[in-house]
Amino acid sequence: MDEKTFLEGLAATYTTADSPQDAAIRSMAMRAFLPHFAPHSHALELGCDFGYMTQLLAPHFESLTVVDGSSVFLQKAQSHGIPNADFIQSLFEEFESTTTYQHIFLSYVLEHVIDPRALLRKVRTLLAPRGKVFIVVPNARALSRQMARHMGLVDDLYELTDNDRRHGHRRTYDRVQLERDIAAGGLSSMHTGGLMLKPFADFQMNAIFASGILGTSQLEGLYQLGLEYPDLAGSLFSICCAAS
């Protein structure tokens, strides 16, 4: 199976469009990223999913170029009618641009691609001088995953679960591995952290959201705890620049 066919099949397995937990954690990523945005700049988003993050990003930039290998994801993202976004179907590894970007976003991308270090090296060539790269990945050491290990559901925090494989994950990340890939890609982390303390599995978190148990105050607490205890957070983020 070639990579484009793989991605089209993968798109059919995604349910993040209906996930309040996913919406919350992406909003938290925006909160962490926003102080690092430069005004009147141009941005590149690699990987758009159903376009939720695209909608959050676009108002902050003059233009947003969105690249995804899946026509399904691009159609969903385009359906939001984002006026300053330009959508391009391409594998990330094959994407070419005559311009560079002040901000490049890879939200939940590195765990999917064949060679994350090669992709990061390519990203560096697309980065404008003094530009920044914003990365988010799932955390293999999330509290929910550690609980699953103690429950006997997984033997190793770093193994790919059935759910990981179903969503096209090729690897797991902790803070050390993420930093190693970033450095091997010619980038340097300026600011890192965890996003949302996550005690339960995705479907359980969504059920708790739906029940109304998690309100504004509780979400604020989970956000702050993710920053305080990144090794237990649901996702990890890094804001990077080109290494000197």
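Assorted remarks:
- Which of ASP18, ASP231 has the fewest Cβ neighbours within 10 Å, and the rest in rising order: ASP18, ASP231
- Taking other C-beta atoms within 10 Å as the exposure proxy, ILE182, ILE213 rank ILE213, ILE182 from fewest upward.
- Per-residue Cβ neighbour counts within 10 Å put LYS198, LYS122 in the sequence LYS122, LYS198, beginning with the fewest.
- Note on region 74-220: with charges restricted to the Cβ of Lys and Arg (+1) and Asp and Glu (-1), its dipole about the Cα centre is near 280 debye.
- Distant-in-sequence amide H partners of TYR108 (H built 1.01 Å from N, under 5 Å): VAL136, VAL137
- Tail beyond 25 Å, pair distance distribution of region 137-244 (Cα, percent): 27
- Net charge of the neighbourhood of MET28, taken over other residues with C-beta under 14 Å away and scored Lys/Arg +1, Asp/Glu -1, is 0.
- Summarising the amide proton neighbourhood of GLN102: residues at separation of 5 or more, or on other chains, whose placed amide H is nearer than 5 Å comprise HIS42, ALA128.
- 0 to 90° range, to nearest 10: angle between helix 116-126 axis and the chain longest Cα axis: 40
- Taking a point 7 Å out from the Cα of GLU159 in the direction of its Cβ, the residues of region 122-145 whose backbone N falls within less than 15 Å of it are 145.
- Working ranking of peptides 107-113, 82-88, 170-176 by packing, defined as the average number of other Cβ atoms within 10 Å per residue, highest first, is 107-113, 170-176, 82-88.
- Residues whose amide H comes within less than 5 Å of that of VAL154, counting only those at least five positions distant or on another chain, are ARG149 (H built at 1.01 Å from N in the peptide plane).
- DSSP beta bridges in the chain [antiparallel fraction, %, rounded to 5]: 45
- Overall dimensions of the chain as given by Cα atoms, namely Rg and Dmax in Å: 17.1, 51
Every read-out reported here was derived from the displayed coordinates using simple, explicitly stated rules and does not represent laboratory data. Worth saying up front: this structure is predicted, and the values here are computed from it rather than measured. Every residue, glycine as well, gets a Cβ built from its backbone with ideal geometry; the counts of neighbours run over all protein chains shown.
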